[in-house]
Amino acid sequence: MSDVVARLQETRTAIARAARDFGRKPESVTLVAVSKTKPVEMIVPVLGAGQIDFGENYVQEAKEKWPALRERFPQARVHMIGPLQSNKARDAVALFDVIQSLDRESLAKELAREIERAGKAPLLIVQVNTGAEPQKGGVLPGEADAFLELCRSRYGLTIAGLMCIPPADDPPSPHFALLGKIAERNGLKTLSMGMSADYEAAIQLGATHVRVGSAIFGARG
Ligand SMILES: *Cc1c(COP(=O)(O)O)cnc(C)c1O
């Protein structure tokens, strides 16, 4: 068994254990294997081991990797988890099953237009910048409720849930708790939070999706 598949299985086991430890069903947590920057040769064995959900950060890279992979593995679901330019909305709607980085009106508007044109909609998740970091995408926590309402009422978008990336040097749990609160008061069920270093804490605080890259695929160069 390749190293990558061994680490996938270890990650699955750790997710299931964390879920049980915190009184949750293992099936209530979806592992998104973050394959950004990793070549298709590394992704194929992971698909072969039954992994369904994958995360990518760049439209161009996903365009190069996933159409061929999907032919071999039609069950795959690809999540856009990186910053998305509004002028890439058409490609994004065509390429991704889930877009986790919806964070501004201009993008909501373009996605709505392209969803209408394509006649199919990816699952949409709004990114919240829980640490209010200037360099990071996401709506500010205080603006999340209004943005969700705008997506629904002005653009007719169905929003499934929320995503956050806590600041690298903060303890993550308060950020996960904040995301959970915003989701709860907006009636949203999907919570994408937790990465290689902190997915157990995220599961404790209700994550439905954890995005794990380096713990499976190894460090990125
Ligand atoms: C790269 C990335 C991840 C995966 O990070 P790891 O620490 O390698 O698990 C998760 N989420 C987002 C948004 C990312 O950009």
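The values are calculated or read from the model by the stated rules, or taken from the named source; none is laboratory data. Fair warning: this is a prediction, and the values are worked out from it, not measured in the lab. Neighbour counts run over all protein chains shown; Cβ positions are idealised from the backbone, glycine included. To get the accessible areas, we keep the full protein, side chains included, count just its heavy atoms, and leave off ligands, DNA and RNA. Shrake-Rupley method; radii C 1.70, N 1.55, O 1.52, S 1.80 Å.
Computed quantities for the displayed model
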| item | result |
| --- | --- |
| Within the chain: Cβ-based charge dipole about Cα centre, in debye rounded to nearest 20 (Lys, Arg +1; Asp, Glu -1) | 480 debye |
| Highest to lowest packing among 108-117, 28-37, scored as the average C-beta count within 10 Å | 28-37, 108-117 |
| FRET efficiency estimate (nearest 0.05) - Cβ-Cβ, ALA132 to GLU184, R0 25 angstrom | 0.75 |
| Sequence-separation-based contact order of the chain, relative, with Cα cut under 8 Å and 6+ spacing, percent | 20 percent |
| ASP97 paired with VAL40, simple spin-label distance in nm, labels 7 Å along Cα-to-beta-carbon | 1.8 nm |
| Inter-site label distance for ALA49 and SER173 at 7 Å from Cα along Cβ, in nm | 2.9 nm |
| Distance in nm between pseudo-label sites at LYS120 and GLN60 (7 Å out along the Cβ direction from Cα) | 2.5 nm |
| Placed amide H near LEU123: partners under 5 Å, 5+ positions off or other chain | VAL98, ILE99 |
| Nearest-0.05 FRET efficiency for SER153 and ASP3, computed from C-beta distance (R0 45 Å) | 0.40 |
| Heavy-atom surface of the chain, accessible at 1.4 Å and reported per residue (Å²) | 47 Å² |
| Karplus (6.51, -1.76, 1.60) ³J(HN,Hα), θ = phi - 60°, over the stretch 175-189, in Hz, Gly and Pro reported as x | 5, 5, 5, 4, 4, x, 5, 5, 5, 4, 6, 9, x, 9, 9 |
| Amide H within-cut-off set for VAL34, under 5 Å, with H built and near neighbours excluded | GLY55, VAL212, GLY213 |
| Between the stretch 124-168 and the stretch 192-219, the Cα center-to-center distance that results, in Å | 19 Å |
| Extended-chain gain in nm, criterion 0.36 nm per residue less alpha-carbon gap, ALA146 and SER86 | 19.6 nm |
| MRE, 222 nm, helices only [DSSP H, n ≥ 4, -39500 (n - 2.57), over the chain, to nearest 500] | -13000 deg cm²/dmol |
| Dipole-positive endmost among ALA132, ALA18, PRO45 within the chain (Cβ charges, Cα centre) | PRO45 |
| Cα-based reach from LYS109 at 22 Å (exclusive), listing lysines while leaving out same-chain residues under 8 positions away | LYS88, LYS120, LYS136 |
